[in-house]
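Undergrad: Encoded as structure tokens, here's the structure I'll be asking about.
No value in this document is a laboratory result; all are computed from the given coordinates. This structure is a prediction, so every number in the text was calculated from the model and none was measured. Cβ atoms come from the backbone with ideal geometry, glycine included; neighbour counts cover every protein chain shown.
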Amino acid sequence: MKNREASADHLTVIPRNKHSISRKSISDPALKVLYRLSKSGHRACLVGGGVRDLLLGIHPKDFDVATDATPDQVRALFKNSRIIGRRFRLVHIRFGRDIIEVATFRGHDEDTAETDHHGRILRDNTFGEIEEDAIRRDFTANALYYDIHDHALLDYVGGLQDIEARQLRLIGDPARRYPEDPVRMLRAVRFAAKLDFDIEESAAAAIYEFGHLLAVIPPARMFDEVIKLFHSGSAVRVFELLREYRLLKYLVPALDEWLQGEPPESMLDFIDQALVNTDTRVNTGQPVSPGFIFAVLLWPVVHQQATQMQSDRQKMIPALMQVGETVMKRQVRHVSIPRRFSQMARDIWSSQPRFHRTQGKQPQRLLAHPVFRAAYDFMCIQTMVGLMPHRLCHWWTEFQLKHADSEAPERGKKRRPRRRRRHAG
Ligand code: ATP
Ligand code: MG
């Protein structure tokens, strides 16, 4: 099917008894926001991933609300709220650990939207009607509205049909929508992987043409997107799709170059295994860390360069430290990694040779290192793919069990509640 023109004259309304979304599946905070807006005379709808995921029978990650109230009006209704964003002003309403994101319906005004010479929207805070808002969204599956007023589902762009066909269709012309915001290409990959959807043909083909525009995205935004991709619970598939669409070079250029060479099988297995491990952790609610992900993605390069520098294990540590620094320096020009995470990645790398030392006081010292748990997980993955001797994972697992007590606080002192450390990813 050809891309539908971006116009909203095909509204389909599905009444409350004809669709599967029930209030019971919407979180209390989201309902609270919807009802308070509605009772104050505003239009309020659930939109985006929340609606999409509920229709697919998936538990939504978060709930997004769209309304005709302006950010200031929303702000005035909720004291636990703040306005965020410069490109697009949004309101975040906080309920304990939950944040409900409230966006005002956006109109489109080409005269007021600030763009760069590629057509990338730098700032646009023109408000509009719900039907204009719908066509400003990225994919049809993300542009369905659940109206709290009558519990009907509103479809302005054929999103229901695309969800049915498990298809990600960009709203409007890809040649305009990708340049407007190149991050949409990464979102396409993330949703295709997470939802097991196909990217509609013209939206898929245009990624090859416009992928290079990702180079202009500010590195801080790239960091957020990279983490969303690799912590989506479908990192294995994400990685395949990033390679297929030739997008990896904009995220982790050094790894992309390494893949163009003759990558050894064991290292490819390492990446794969580490991503499987990350997916399992995410899907079972265990903590993950960006530091671990970058340690994994850059390990083939760091390992190769450090090995070339030094073959003697004793001198491997300084080599890893030096190479780690250079590789990281290059990486952060593309994706800005907060220091605590880049430091964690470097510590994971430089601690790997220390796992070979199982005599004397050295193991105790390594165990006490703040990055130990993540470095240990990393090491075990290396043993699984034959990059390190198999027995080491077993040895360190036993060693930790034996020394679990020595980590306990001294007797007599009051035990402080231990914070769960966020480690492996
Ligand atoms: P997730 O499950 O990751 O939360 P989501 O679809 O809800 O997926 P959000 O980033 O929470 O994604 O954004 C909420 C909605 O805002 C999207 O569903 C989409 O309609 C719209 N949106 C978000 N980012 C963009 C973008 N870059 N361009 C156009 N619309 C966007
Ligand atoms: Mg969302």
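Undergrad: Just rank LEU213, LEU56, fewest to most, by other beta-carbon atoms within 10 angstrom. Mind showing how you got there, number by number?
TA: Numbers: LEU213 19, LEU56 15.
Lowest to highest Cβ neighbour count: LEU56, LEU213.
Undergrad: State the Cα centre-to-centre distance between segment 300-374 and segment 159-206 in whole Å.
TA: Cα centres, segment 300-374 to segment 159-206: 38 Å.
Undergrad: Let me ask something else about it. Let me spell out the model: positive unit charges on the Cβ of Lys and Arg, negative unit charges on the Cβ of Asp and Glu, origin at the Cα centre of the chain. What dipole size does that give, in debye rounded to 20? The partial results should precede the final answer.
TA: Numbers: 65 positive and 53 negative charges, 606 e Å.
Rounded to the nearest 20 debye, it is 2900 debye.
Undergrad: Next question, about the same structure. Sort by residue number and name the cysteines in the chain that have no neighbouring cysteine Cβ under 4.7 Å.
TA: CYS45
Undergrad: While we're on this one: Past the 26 angstrom mark, what percentage of all C-alpha to C-alpha distances in segment 8-165 do you count? Present the calculation step by step, with values, prior to reporting the outcome.
TA: Details: 3030 of 12403 pairs.
In whole percent, the share of Cα-Cα pairs in segment 8-165 beyond 26 Å is 24.
Undergrad: Here's another thing I want to ask about it. On a 28 Å Cα-Cα criterion, which of the cross-link pairs LYS18/LYS194; LYS249/LYS315; LYS39/LYS79; LYS39/LYS194; LYS24/LYS194 come out too long?
TA: Details: LYS18/LYS194 26 Å; LYS249/LYS315 31 Å; LYS39/LYS79 16 Å; LYS39/LYS194 35 Å; LYS24/LYS194 24 Å.
Distance filter (> 28 Å) returns LYS249/LYS315; LYS39/LYS194.
Undergrad: Test of understanding: in a Gaussian network model of the chain with alpha carbons linked when under 10 Å, which of PRO264, PRO338, PRO389 would top the mean-square fluctuation ranking?
TA: PRO264
Undergrad: Separate question: Can you pull the three principal axis extents for the Cα set of segment 218-319, in Å, largest first?
TA: Sorted from largest, the Cα extents of segment 218-319 read 39, 30, 29 Å.
Undergrad: To the nearest 20 debye, what charge dipole does segment 8-165 have about its Cα centre, counting +1 at the Cβ of each Lys and Arg and -1 at the Cβ of each Asp and Glu?
TA: Working: 23 positive and 25 negative charges, 213 e Å.
The calculation lands at about 1020 debye.
Undergrad: Just to be sure I follow: if Rg is taken over the C-alpha atoms of segment 100-167 and Rh is the Kirkwood radius over the same atoms, what is Rg/Rh? Walk me through the numbers on the way to the answer.
TA: Numbers: Rg = 13.9 Å, Rh = 13.5 Å.
In segment 100-167, Rg relative to Rh is 1.03.
Undergrad: Just need the Rg to Rh number for segment 256-405, please, alpha carbons only, Kirkwood Rh.
TA: On the way: Rg = 15.0 Å, Rh = 15.9 Å.
We get a ratio of 0.94 for segment 256-405.
Undergrad: Suppose every Lys and Arg Cβ carries +1 and every Asp and Glu Cβ carries -1, with no other charges. What dipole size does segment 165-236 come out with about its Cα centre, to the nearest 20 debye? If you can, show how the numbers build up before the last one.
TA: Numbers: 10 positive and 10 negative charges, 44 e Å.
With only Lys, Arg, Asp and Glu charged at Cβ, the dipole is about 220 debye.
Undergrad: Quick one: angle between helix 201-210 and the longest Cα principal axis of the chain, in degrees between 0 and 90, rounded to 10, please.
TA: Once rounded, the angle reads 60 degrees.
Undergrad: Over the Cα atoms, compute the radius of gyration (one decimal) and Dmax (the largest Cα-Cα distance, rounded to a whole number) for segment 18-101, in Å.
TA: Rg, Dmax (Cα atoms, Å): 12.7, 39.
Undergrad: Note down the net charge around TRP396, summing +1 for each Lys or Arg and -1 for each Asp or Glu among other residues with Cβ under 12 Å from its Cβ. The partial results should precede the final answer.
TA: Details: positive: ARG354, ARG357, ARG373, ARG391, LYS402; negative: ASP377, GLU398.
That sum, taken over residues with Cβ under 12 Å, equals +3.
Undergrad: In addition: Assuming a ≥ b ≥ c are the square roots of the Cα gyration tensor eigenvalues, decide whether the chain counts as rounded (a/c under 1.5), prolate (otherwise, with a/b larger than b/c) or oblate. Don't jump to the answer; show the numbers that get you there.
TA: Details: a/c = 2.30, a/b = 1.67, b/c = 1.38.
Prolate is the answer for the chain, as a/c is 1.5 or above and a/b outweighs b/c.
Undergrad: For segment 65-220, give the share of DSSP beta bridges that are antiparallel, in percent and rounded to the nearest 5; count only bridges with both residues there.
TA: Values: 16 of 21 bridges.
About 75 percent, rounded to the nearest 5.
Undergrad: Follow-up question, since we're still on this one. Against the longest principal axis of the chain, how steep is helix 390-402, in degrees 0 to 90 to the nearest 10, with axes from Cα atoms?
TA: 90
Undergrad: Still on this structure, I have one more. Along the charge dipole of the chain, Cβ charges K/R +1 and D/E -1, which of GLN305, ALA143, GLY57 sits furthest on the positive end?
TA: GLN305
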